[in-house]
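Inspection log for the structure reproduced underneath, given as structure tokens.
The values are calculated or read from the model by the stated rules, or taken from the named source; none is laboratory data. From a predicted model like this one, the values you see are computed outputs, not experimental measurements. Positions of Cβ are backbone-derived with ideal geometry, glycine not excepted, and every protein chain shown enters the neighbour counts. We work out accessible area using only protein heavy atoms, side chains counted, and drop any ligands, DNA or RNA first. Shrake-Rupley method; radii C 1.70, N 1.55, O 1.52, S 1.80 Å.
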Amino acid sequence: MAASLPRVVRTRVELRAALAAAPRPVGLVPTMGALHEGHASLIRRAASESRTVLVTIFVNPLQFNEKADFEKYPRDEAADLRAAGAAGATLVWMPAVEDVYPAGFQTTVRVAGLTEPLEGAARPGHLEGVTTIVAILLGMAGAERAYFGQKDAQQLLVVRRMAGDLGIGTEIVSCPIVREADGLALSSRNVRLAPEQRAAAPVLRRALLAARARYEAGERDGEALRGAMRDVLAAEPLAAPEYVSCADPETLAELATVTGPALLSMAVRFGAVRLIDNEPLG
Ligand code: AMP
């Protein structure tokens, strides 16, 4: 049976009215569109435990620290509506920039320490853009649960911290990373990779798995684990690493020695396309 298209709302007023009449519980899935199986897995999870599944599709200018990245971000409304509906979305908020940030908008939501390393250091302002939009979405949706991918591990931690700190009563649910058969984590930016870059991109996964193998063989030195990832990346000429990290999974502080759980993560550029991936240990 073909899934029906979800109801689409554009303005804040329309969203508020749709939610007032919507059956509960509500599950919220925030996205920037260009939906792929990673997004679909979040929507399916939301549909399995919600009567209303609200997917938001908004390429949030505040979280882009490079204008070209914002302009080149893939957008396809019709395909996104079909994909969202097929995965179980019942309501889609697709606002214009002015609907989200009307004239006079002046608020920034910023989490402090957790946003300093990794993506925060590499992409100034990015995580503040994320927390600002997610605070708006959580506030408007009033959902019982909101679903985020482990793919953006730091984003998930920061959003969880923000929701806790601000007393937002929405449960933040973490969903596993969905990958291509060759290990590349699905990302809307993958379509911008040239064929030879696409062929090289699974090196992120191989680097993470090389460090995991060292860990499983007993290695607990943080620098040795970071070195194992750097060595694999260095063998791929098209890959330009931005950072590799072996950090505490709660604070994101780099670890000298791994004594408990850890988070391996990295950001790697292939030309203009920047990819991230991560792997939890322990
Ligand atoms: P984005 O549209 O890239 O902002 O992503 C929207 C949500 O989908 C975020 O919570 C991401 O972490 C999640 N997501 C993106 N790619 C994946 C993936 N490959 N596996 C699981 N979740 C993902």
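Values as computed for the structure displayed
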| item | result |
| --- | --- |
| Burial order of peptide ranges 254-260, 238-244, 154-160 (average beta-carbon count within 10 Å, highest first) | 154-160, 238-244, 254-260 |
| Set of the range 73-110 residues, backbone N closer than 20 Å to the point 7 Å along the Cα-Cβ line of VAL13 | 92-105 |
| Helical segments meeting 20 Å axial Cα length and Kyte-Doolittle -0.5 threshold in the chain (DSSP H) | 126-141 |
| Dimensions (Å) - the range 12-101, Cα atoms, principal axes, largest first | 39, 30, 21 |
| In sequence order, calculated HN-Hα J values of the range 89-96 (Karplus, 6.51, -1.76, 1.60; Hz; x Gly/Pro) | 5, 10, 9, 10, 9, 10, x, 7 |
| Accessible surface, the chain, averaged per residue in Å² (probe 1.4 Å) | 44 |
| Contact order normalised by residue count of the chain, Cα under 8 Å, 6+ apart, percent | 17 |
| ALA103-ASP248 pseudo-label distance in nm [points 7 Å out on the Cα-to-Cβ vector] | 4.8 |
| The range 33-143 - percent of accessible surface contributed by carbon and sulfur, probe 1.4 Å | 53 |
| Long-range HN-HN contacts of PHE58 with modeled amide H, under 5 Å | THR31, MET32, GLY33 |
| Per-residue ³J(HN,Hα) for the range 266-282, Karplus 6.51 cos²θ - 1.76 cosθ + 1.60, θ = phi - 60°, Hz, x for Gly and Pro | 7, 10, 9, 9, 10, x, 7, 9, 10, 10, 10, 7, 7, 8, x, 10, x |
| Summed residue charge, Cβ within 15 Å of PRO176's Cβ, Lys/Arg positive, Asp/Glu negative | 0 |
| Rounded, prolate or oblate (a/c below 1.5 giving rounded, otherwise prolate when a/b exceeds b/c) for the range 156-240 by Cα gyration tensor | oblate |
| Computed [θ] at 222 nm, helices only, for the chain once each DSSP H run of length n ≥ 4 contributes -39500 (n - 2.57) | -11500 deg cm²/dmol |
| Cα gyration tensor category, rounded, prolate or oblate, for the range 129-282 with a/c compared to 1.5 | oblate |
| Within-12-Å neighbourhood charge of GLY139 [Cβ basis; K, R +1; D, E -1] | +2 |
| For CYS175, distant residues with modelled amide H under 5 Å away | PHE148, GLY149, GLN150 |
| Fraction in percent of alpha-carbon pairs per bin - 10 Å, the chain | 6, 28, 35, 22, 8, 1 |
| Extension reserve of the GLU77-LEU166 stretch, reckoned as 0.36 nm per residue once the Cα distance is removed | 28.8 nm |
| Distance between modelled label sites at ARG24 and ALA213, nm, 7 Å Cα→Cβ extension | 5.1 |
